[in-house]
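Visitor: One structure coming up, written as structure tokens, with questions to follow.
The values are calculated or read from the model by the stated rules, or taken from the named source; none is laboratory data. Predicted, not measured: the structure shown is a model, and the values here were computed from it. No Cβ is skipped: glycine too gets one built from the backbone with ideal geometry, and neighbour counts run over all protein chains shown.
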Amino acid sequence: MIEPERAGAASSRPPVDAGPASPGERLLDVKGLVKHYGPVKAVRGIDFDIRKGEILGFLGPNGAGKSTTIRCVLDLLRPTAGQIRLFGLDPRHDGPAIRARLTYVPGELRLPERMTGSQLIETIGHLRGGFDATRRDELAARLKLDLSRRTRQLSTGNRRKLALMLAFLWPAELLILDEPTSGLDPLMQHEFVCLVREARDAGATVFLSSHVLSEVQRTADRVIVLRSGKIVAQGTVEELRGKARQRLEVWFDGPVPAGLDKVAGLADVTVEDHRATASVAGPIRPILAYLAAQPVSGLLVEEPDLEDAFLDLYEEQA
Amino acid sequence: MNARNLELVLGPVRAIMRAALIWAVCIAAIVFVTVAVWPAFKGNDSIDQAMNNLPSGVVQAFGLEGFGTPAGFLRGNLYDFFVPLLMAGAAVGFANSLTSSEEDGGRLEVILAQPVTRQAIFAGRVIAALVWVAVVTVVISIVQFGSDAVFDLQIGADRLLATLLLCGLLAGFTAGLSFAVAGLIGKPSIVLGVGLFVAVGGCIVAALFPLSSSLADFAHVSPWDWAFAGNPLSNATEAWRYLALGVPAVALAAFGVWAFGRRDVSAA
């Protein structure tokens, strides 16, 4: 683990312009990241990377350390220990070169209150070297956002739309989105998913922190789950879903057989009239063999979704 | 200056324009109204006699010496206390609202995520605040000179300019101090507390400490003493007084820029 101050001072720093990343190349490489706020250990030594072109979902409950990690990556926070390389550069020393290649939606969104949406975009445009007015108008129309209103007059959802415009207006290599759909209605959440997919199709990489598991399930190629500042799981969405228990629902012609809760691999069995529900905690073959010998009138085996995986994971950790 | 750097200054300039103009107009109005009553004091010996009957400490503390003269009138009514204190308060407010208040409110994060250095962002805000301190000083100066002409208050332009410049530099000093604290800590309550404590406390120290033989020497720690102990409305001002305020103002602001680049930025 390298102290950030010393790491920054090392003579092995690459040149500021590390050039565009090639497909599959690591855009972000985090090693041994630790961040303490006094006695509070917000991030406790995490390692992960993001490869070019992927959408990485960053999951975890409040206080898991997601925003702290993102703010360290952006050099808004200085890590207690560990090393971060973004585009092969050091955020501490090469911040402007790095931030020119990414856009960011903060989790706790606060915008300058006296500016209109248009003025804010122009201000950011001056800092980023201009913007495409046609793209601005197109995004405003898609997000149904009135850019002539002052940001303090905007609802939470409309402020979030404006932040999304700031993220999608510039052709960034990396989009860092921290709870980007918080406060958006379902239609706009759908539009957001479309925008993320379009950005990925255009070659962008997306680092998506979210509480909305369905949104991550629909968009992310890979997921990292954080709990109390540590990574507790990572893999593709399919891999995480595969770890979750399937849910089984069975209807019988008569009363539910008395031995159902003794069948190997079934857990959390509940019985209601002629219907039983359970979760599949082991191989499904012995369960099916048992049921084949029973007067079953209906059977439903539900695929677990990311939420099930997430809840299972947290129950295990707890 | 390219468009990016210009935006880093003009954005903050626009952000506090309304507040700065309100401060400028209010202080200028106080100046105008005060000078407007000068004709009632002009040539009135009984005012001087009344002041002479006050304890010498009170006269000294409140700058009431020569109250019947143009210099004494302006000093006692405006430049011994009100105008410098209001300008210093405004400067602390400008510095706070452009830095720690923005940071604490989370509004700086969108700007900090752009391809500019933290130091450049903070420096742009320092320049914006100092520009408005200068504008406020100029507005007050224009109103002061205009009022003097209208109400026939005859005082040397060089003395008046020196006094106004010292007021502006004192405000710049408190702004610089506020920027230093904002760069180091970024908590609005602390920035305002330290800035206003030095502004108000410095005024009290400079006014009251000279009345006590045991405290008199400590009056020199106050920036108000550096600015006004030489009575600039009546006497020529030594060059070191400008430097004593201006150099630390720049140094403190530069320290704030440096410190802001080395710490965590608060989240909302």
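Visitor: Considering only residues that are free of Cβ contacts under 8 Å to residues at least 24 places away in the same chain, in contact with a strand residue (DSSP E or B) (Cβ under 7 Å, 6 or more places away or on another chain) and surrounded by 13 or more Cβ atoms within 10 Å (Cβ to Cβ), which ones fall in the stretch A:268-284?
Guide: The answer is A:D268, A:V269, A:H274.
Visitor: Follow-up question, since we're still on this one. What number of residues in the stretch A:285-298 are surrounded by 13 or more Cβ atoms within 10 Å (Cβ to Cβ) and either within 35 Å of the chain's Cα centre (by Cα) or of a type in the set (S, T, Y) (or both)?
Guide: 1
Visitor: A:V250 - would you say it is among the aliphatic types (A, V, I, L, M), out of contact with any Phe, Trp or Tyr (no Cβ under 7 Å at 6 or more places or on another chain), crowded, with 17+ Cβ neighbours inside 10 Å and part of a strand (DSSP E or B)?
Guide: In short, yes.
Visitor: With the condition being within 14 Å of chain A (Cβ to nearest Cβ) and hydrophobic (A, V, I, L, M, F, W, C), I'd like the helices (runs of 4 or more DSSP H) fully within the stretch B:1-85 carrying at least 1 qualifying residues.
Guide: B:3-15, B:17-36
Visitor: Mind telling me which of the residues A:L143, A:L139 ends up being out of contact with any Asp or Glu (no Cβ under 9 Å at 6 or more places or on another chain), surrounded by 16 or more Cβ atoms within 10 Å (Cβ to Cβ) and farther than 26 Å from B:N5 by Cβ?
Guide: A:L139
Results for (1) more than 25 Å from B:V247 (Cβ to Cβ); (2) among the β-branched types (V, I, T); (3) crowded, with 24+ Cβ neighbours inside 10 Å, shown as yes or no for each residue.
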{"position": "B:A95", "(1), (2), (3)": "no, no, yes"}
{"position": "B:I111", "(1), (2), (3)": "yes, yes, no"}
{"position": "B:Q119", "(1), (2), (3)": "no, no, no"}
{"position": "B:I142", "(1), (2), (3)": "yes, yes, no"}
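Visitor: Please determine whether any residue of the stretch A:224-244 is in a loop (DSSP other than H, G, I, E, B) and over 19 Å from A:S209 (Cβ atoms).
Guide: Looking through the stretch A:224-244, at least one residue is in a loop (DSSP other than H, G, I, E, B) and over 19 Å from A:S209 (Cβ atoms).
Visitor: Give the residue that is farthest from the other protein chains (Cβ to nearest Cβ), with candidates limited to residues of the stretch B:92-124 that are in contact with a Phe, Trp or Tyr (Cβ under 6 Å, 6 or more places away or on another chain) and among the hydrophobic types (A, V, I, L, M, F, W, C).
Guide: Step one: of the stretch B:92-124, the residues in contact with a Phe, Trp or Tyr (Cβ under 6 Å, 6 or more places away or on another chain) are B:94-95, B:113, B:118, B:122.
Filter once more, so that each one left must be among the hydrophobic types (A, V, I, L, M, F, W, C): B:94-95, B:113, B:122.
Values: B:F94: 15, B:A95: 17, B:A113: 4, B:F122: 13 Å.
Checked the stretch B:92-124; the qualifying residue farthest from the other protein chains (Cβ to nearest Cβ) is B:A95.
Visitor: Could you list, in sequence order, the residues of the stretch B:1-50 that are small (G, A, S) and over 30 Å from B:E102 (Cβ atoms)?
Guide: B:A36, B:A40, B:G43, B:S46, B:A50
Visitor: Go through (1) modelled with pLDDT of 95 or more; (2) within 14 Å of the chain's Cα centre (by Cα) for B:P188 and report which single condition fails.
Guide: The failed condition is (2).
Visitor: Continuing with this model, one more query. Is it true that A:G57 is at pLDDT below 95 and out of contact with any Phe, Trp or Tyr (no Cβ under 6 Å at 6 or more places or on another chain)?
Guide: Details: at pLDDT below 95: yes; out of contact with any Phe, Trp or Tyr (no Cβ under 6 Å at 6 or more places or on another chain): yes.
Against the criterion (at pLDDT below 95 and out of contact with any Phe, Trp or Tyr (no Cβ under 6 Å at 6 or more places or on another chain)), A:G57 qualifies.
Let's see how each residue does on (1) within 24 Å of the chain's Cα centre (by Cα); (2) surrounded by 17 or more Cβ atoms within 10 Å (Cβ to Cβ); (3) in a loop (DSSP other than H, G, I, E, B); (4) more than 9 Å from every other protein chain (Cβ to nearest Cβ):
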site: A:K41; (1), (2), (3), (4): yes, no, no, yes
site: A:L56; (1), (2), (3), (4): yes, yes, no, yes
site: A:S67; (1), (2), (3), (4): yes, yes, no, no
site: A:Q83; (1), (2), (3), (4): yes, yes, no, yes
site: A:L109; (1), (2), (3), (4): yes, yes, yes, no
site: A:G130; (1), (2), (3), (4): no, no, yes, no
site: A:R135; (1), (2), (3), (4): no, no, no, yes
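Visitor: Has the stretch A:126-135 got any residue that is in contact (Cβ under 8 Å) with a residue 12 or more places away in the chain and farther than 22 Å from B:L8 by Cα?
Guide: Taking every residue of the stretch A:126-135 in turn, at least one turns out to be in contact (Cβ under 8 Å) with a residue 12 or more places away in the chain and farther than 22 Å from B:L8 by Cα.
Visitor: Further question on the same structure: Step by step: first the residues of the stretch A:20-39, then only those that are crowded, with 17+ Cβ neighbours inside 10 Å and touching a Ser or Thr at 6+ places or on another chain (Cβ under 7 Å), then the one that is modelled with the lowest pLDDT. Which residue is that?
Guide: In this case the residue turns out to be A:L27.
Visitor: Criterion first (closer than 30 Å to A:R150 by Cα and either among the acidic types (D, E) or surrounded by fewer than 23 Cβ atoms within 10 Å (Cβ to Cβ) (or both)) does A:P61 satisfy it?
Guide: It is false that A:P61 is closer than 30 Å to A:R150 by Cα and either among the acidic types (D, E) or surrounded by fewer than 23 Cβ atoms within 10 Å (Cβ to Cβ) (or both).
Visitor: Against the condition in contact with a Pro (Cβ under 9 Å, 6 or more places away or on another chain) and either more than 24 Å from A:P180 (Cβ to Cβ) or in contact (Cβ under 8 Å) with a residue 60 or more places away in the chain (or both), how does A:K243 come out, does it pass?
Guide: yes
Visitor: Restrict the check to the stretch A:21-28 and report whether at least one residue is within 12 Å of chain B (Cβ to nearest Cβ) and more than 19 Å from the chain's Cα centre (by Cα).
Guide: no
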